[in-house]
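What follows is a single structure, written as C-alpha cells, with notes after it.
Read the figures in this text as sums done on the coordinates, not as results from a lab. Keep in mind the model is a prediction, meaning the values are calculated, not measured. Cβ placement follows ideal geometry from the backbone for every residue including glycine, while neighbour counts extend to all protein chains displayed.
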Amino acid sequence: MKLSSITFAGLLLALTPATVSAADGQKLVGTQLGTQCKDNLVLANAFDGDLTTCFLGLRTSDEYSRPWAGLDLGTKHMITRIGFAPSSESRSCSRLAIFQGANTEDFIDAIPIAMVPLEGPVPGQMYYIDVNVSRGFRYVRMVGAGGAQMNVAELEFYGNEGEGDDSQFFQITNLPTIAFNTPGMAQIVSKDDKHTGSQVYVISDDGTTLLSDNNATMKGRGNGSWAMEKKPFQIKFDKKKQILADAPAIAKKWTLINNHGDKTLMRNKIAFEMSRNAGMPYTSYCRFVDVVYNGEYEGTYQLCDQMEVNKNRVNITEMEPTDTEGEALTGGYFIEIDAYADQEVSWFRSNRNIPVTIKSPDEDEIVPAQSQYIENYFNTMLDALFSANFKDEENGYRKYLDLDSFLTYFLLGELTGNTDTFWSTYMTKERGSDKFVTGPVWDQDLAFDNDGRTFPVNDKSNFIYNYGSKADGMQYFVDRIIKQDPGAKQRLSFLWSTLRKHADFTPEYFNEKIDQWAQELDQSQKLNFTRWPILGQYVHQNPTVRYTYEAEVNAVKNYITKRFPKLDTLIGLVDVPDDSAVESVETDTDAPAEYYNLQGVRVPNPSAGLYIERRGNTARKVILK
C-alpha cells in the first residue's frame, strides 16, 4: 500500500482567514445539536454569528464525556468548507479538534472530515478549513479536542445538498487513519470492556481507500500499557477482513499498540525488523497509523497482528474440542510463559513454578484433555532440561525444545536490550512435533535502553536477561541453557556470527531504517506529542528525559551502534561459512516452493533475507530480494 501524499503542512494552507466565496457552497443551517454546556454558555452561542459569545461544552467524568456541537441538516449534504472561531479565552481547546460527518442521529457512523491544525487559529477570529470528502452527510459536528473542554465562539458549515459518493475521504497525515466509534460514545474503561456494534473505518491511499465495519467489537488490551493515559486497543471485525493491502493475514482481530512510554514510537517496529531479518518463524505485521477515538484524535499508534493461531500469523494447526486423543491431541498449542498468567482463565503453573498461559486452543474452547496434555508435556520438557545429562540428544531437553529458535529469540532479546524478554515468552508446539518452538518476539516498549532499572544496558558486564524482569522460574530456565550447556553456548556463537555476516543485520542497516521510519512518522509524531505533551517528561520506566523527538530517535541509534560490538564480546565470534556464493533469486510467490530459515523452521511468508528453499526433493540456500 502506498503512503499518502497528504501532509499536515498542506492542511495548514487550507486554514484561511475569514473569506467565503460562492464556490464554497451555501452556508448550511439546521437543528442545533450538542452536549450540555457549562456556566450557561449555551449551544446557540456557537451559531449566533457573534464572536463575543461562546459555547463552553462540558467535559464530565462519566463515560459519555466528549463535548461537541453540530447540526442536523435535514438531508444529506456534501461539506466543502468549515468555518470556526475559538473563544477569545482559549486557543488550545480547538487545536487538533476533529470535525465529523454522519448519517445517523447518534453519530455511530461518524467519520472524520477535517481537523483543526497545530498552528492557529487566533482566538476570537474566524478561520476556514477546506473539506475534500465526497460523501454526503445529514449530521455534522465538531468534537472537543482531546483532554480539554470545548470552547468555541462560532461554528459554520458550508456545502451543497447531495448523496455524494465514496471516492474521497479525509486522511489526517501520510499514515493510514483508523477511526472508530463506540455506541453512545461510551468510553472503553478497562482492557476487558467490550463494545460490540462499534463502527470502524480504515482510511488510506490519500483518502481514496476506505474499509469499514459497522458491527465491530472494540476493547482495551495490554497489561502495563493499559495503565497509561494513552490507551491501547483491540479491534475485532464482524467478519474476516484484510485491513490493509500489505497485511498478510486475513483475520478478525488486530491490535492498536499505543507506544506511549516509547517516545520514538517505533521500538516495536525496530525489534520486529530484527526478528524478521534473523529468520524467526513468524514476526508480527505492523504499520504506523493515526487513531481517532469517538471523534477525538488519540495519536500515533502501531497496527499489529493479534497474537493468535492463523496461517499467516502463528502458523500451527488450529485445534478443535474433539481433538482429545492420538496425534490430534499433540497440537497445535500456542502458549505464553507469562508473569501475568494468574490473571488469565486458561493457565497453569509448572512443576518448576513457571506460570504459563494457554493462548490456543482459546479459553472458551479448550477441553480438559488438551489443557492436561500441554501442561504435562511442558513439565516433561522442564524435567529433561534440569536433568544432569546435556549429551543425550534422544532423551535430553533438545528432544523437547527447538534449540535454535530459543537461542535466536535469546539473541534478539539481548540485541534489543529488552528487559521483558523472559517476563513474557511465547512458544508453540505443532501437532506431531516433539519440540516447543520459541517465539514470536513481542512487547518491546522497554527495549533499546528505555528502562531506568537497567540503563545503560551497554555498561552491563553480563547479558541483560540477568538484570531484567522475568516470570517465576525463568532465570533458572535460561541459565540452564545459556550458562550450563556447553553445546548451546557454542551454537549461540555460531548463530550470532552467522547473522553478523548478513548485510541486513548490521547497526548501519538498522539505523538507516530508523531514519526512514522517523521521516515517515514526522507529521504524525508532531500531532501525537501535541495530544500527549510528554516530551521532556518522565513516563513509565524512561531512564532519562529528552526534550525533542530527534533526541529520542538518536538515543536508540546510538544504543544500536554500541550494542553490536558489545554482543560480539559477550557472545564471541567464530568462523562461519561465507555466504558470498549463495544464489540470489527473485521471490516468485506463485512457484511451488517452501522456505525455511537457517534453523530449519518453515517460514510461510518470507521477507528479504537468507533462506533454504525446497522444491520437491531438492533444496538450496538462496537470498530472497
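Quick notes on this structure:
- For the range 439-450, 3J(HN,Hα) per residue [Karplus equation, 6.51 cos²θ - 1.76 cosθ + 1.60, θ = phi - 60°, Hz, x = Gly/Pro]: x, x, 6, 7, 6, 10, 5, 8, 6, 6, 6, 10
- Taking amide H as placed 1.01 Å from N in the peptide plane, the amide H of GLU308 sits under 5 Å from that of VAL314, each at least 5 places away or on another chain.
- Our helix-only sum for the chain, with -39,500 (n - 2.57) per DSSP H run of n ≥ 4 divided by its residues, gives a mean residue ellipticity at 222 nm of -6500 deg cm²/dmol.
- Within a straight-line Cα-Cα reach of under 20 Å, LYS621 can be paired with the following lysines, leaving aside sequence neighbours fewer than 8 residues apart in one chain: LYS501.
- Protection proxy ranking for 482-495, 352-365, using the average of other Cβ atoms within 10 Å per residue and placing the highest first: 352-365, 482-495.
- The order of the peptides 294-304, 66-76 by mean Cβ neighbours within 10 Å, most packed first, is 294-304, 66-76.
- Taking label positions 7 Å along the Cα-Cβ direction at both GLU325 and ASP192, the computed distance is 3.6 nm, reported to one decimal.
- Rounded to whole numbers, the Karplus 3J(HN,Hα) couplings from phi for the range 73-83 are 7, x, 9, 6, 9, 8, 7, 10, 7, 10, x Hz, using 6.51 cos²θ - 1.76 cosθ + 1.60 with θ = phi - 60°, and x at Gly and Pro.
- Taking θ as phi - 60° and the Karplus parameters 6.51, -1.76 and 1.60, the scalar couplings of the range 426-436 work out to 7, 9, 10, 9, 7, 4, x, 9, 7, 10, 7 Hz in sequence order, x denoting glycine and proline.
- Net lengthening on full extension, GLN541/ASP522 (0.36 nm per residue, minus Cα-Cα): 4.4 nm
- Note on SER212/SER433: beta-carbon distance plugged into 1/(1 + (r/R0)^6) with R0 of 30 Å gives a FRET efficiency of 0.15.
- Inter-label distance, nm, simple model (7 Å from Cα along the C-beta direction), ALA551/ASP50: 4.8 nm
- Relative contact order of the range 340-413, taken over Cα pairs closer than 8 Å and 6 or more residues apart, is 19 percent.
- With Cα atoms, 0 to 90° folded angle of helix 549-571 axis to the chain main axis: 0 degrees
- Folded to 0 to 90 degrees: helix 507-531 orientation relative to the chain principal axis, Cα: 30 degrees
- Around the amide H of ASN151, modelled in the peptide plane, lie the amide H atoms of GLY57, all under 5 Å away and 5 or more residues distant in sequence or on another chain.
- Around the amide H of TRP68, modelled in the peptide plane, lie the amide H atoms of THR35, GLY144, all under 5 Å away and 5 or more residues distant in sequence or on another chain.
- Ordering of 367-379, 429-441, 211-223 by packing [mean C-beta count within 10 Å, highest first]: 429-441, 211-223, 367-379
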